[in-house]
Structure formats: structure tokens, C-alpha cells
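The values are calculated or read from the model by the stated rules, or taken from the named source; none is laboratory data. The shown structure was predicted, so the numbers you read here are calculated from the model rather than taken from an experiment. Cβ placement follows ideal geometry from the backbone for every residue including glycine, while neighbour counts extend to all protein chains displayed.
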Amino acid sequence: MENLIQQLVKEYFDALRMAFINFIRQSYPLNGDEITDIYNDVWMDVIENVRSGRTERVKNWKTYIFNLGWKRAYKIVTRRTVCDKLDDSENCCLGLYTFSIQEAEQSACHMEHLERIEKLMVELEGLPKKQQEVLRLYYFQDLSTAEIAEALGYTGSRSVITMKKRSVSTLRERMKAA
């Protein structure tokens, strides 16, 4: 049973490889070898956490995996900054350290943003199909309410506006509760 779980996790993990690598690359100034090491280390962490039962409360595996990678990358950048501090003058190091902290804070905001987007997508899928379609056409296809009414066969754009408002309100409530 444990091997089956590991195999399923590995398949999912491999499917996220490029997204994971791109996320780390965009978040931190690391080279390809460092990112590959992080990817491999995170894989080992995931397996160890699955074996020890520390993943029972994981609701979103992608966020969980990316967060582990983000933390490992942060440690590397922080260590690098500390090493720079030992090598360079104190004033220069203070600037690098401040810059590293700012980068980490921005990456943390980026990670929170990704988590919110994932939660929003889950909640969006929970809406009725008509509401999903109206939101998709309005926000992703940039159609006006009149164009949406025409495309979906509604008598006027007022019903589209009402449905859009109701859908957005429902999503806000669900996001606050989540």
C-alpha cells in the first residue's frame, strides 16, 4: 500500500516538475543545479512526510509541494547572504541582507497569491455551470454583459449582471470561510 501511495505521489510530483522549477526560478536568483537539488530534496521530504503521516491534513498538494520548495530556496538565499556578510564589508552586507529579505517577502506574497488563486479555482468549480460560464466569459474572454446575454440566449444583459453579481458574492463568501 505504501509503495502505491509513493508511486501516485511521484507521478503527481513529476507532473508538477516544470511548474515547480519555474516557480523557484522566478522567486529566487538560483542556478539550475541548485533548483534541481531543491526539487530532489523536496521529493525526499514529501516521501518522508507521507511515511510519517505528517501529510494527513494536506488539502492542496501543489501548494504543499511548492511551499516546501520555497522554504528550501529561501534557506539557500539566506545562507548565501550570511556568507556574503562574512566576506564583504558590513555596509554592503546590510544592503544585500535587506534586499534578500525584501525578495523573500515578495516571494511569500507570491506564494500566498498562488494559494488564493488555487482556492478560488476550487470554489469556482463549485458554482453552478451557468454561473461558471458567465464568469468565464466576463473575466477570461472579456465579453460585455450584452455579448454574454446574446451568446447564452438571455433576453437582456440585466440577468447576466445579476448572475455575475450573485456569483462573485458567493465566491467572496466562500473564500472568507475557507
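Odds and ends about this structure:
- The numbered conditions (1) at pLDDT 85 or above; (2) surrounded by 11 or more Cβ atoms within 10 Å (Cβ to Cβ) are all true for residue 129 except (2).
- Screening 38, 65, 21 for residues that are touching a Leu at 6+ places or on another chain (Cβ under 7 Å) and in the same structural domain as residue 116 (by TED's automatic domain parsing) leaves exactly one candidate, 65.
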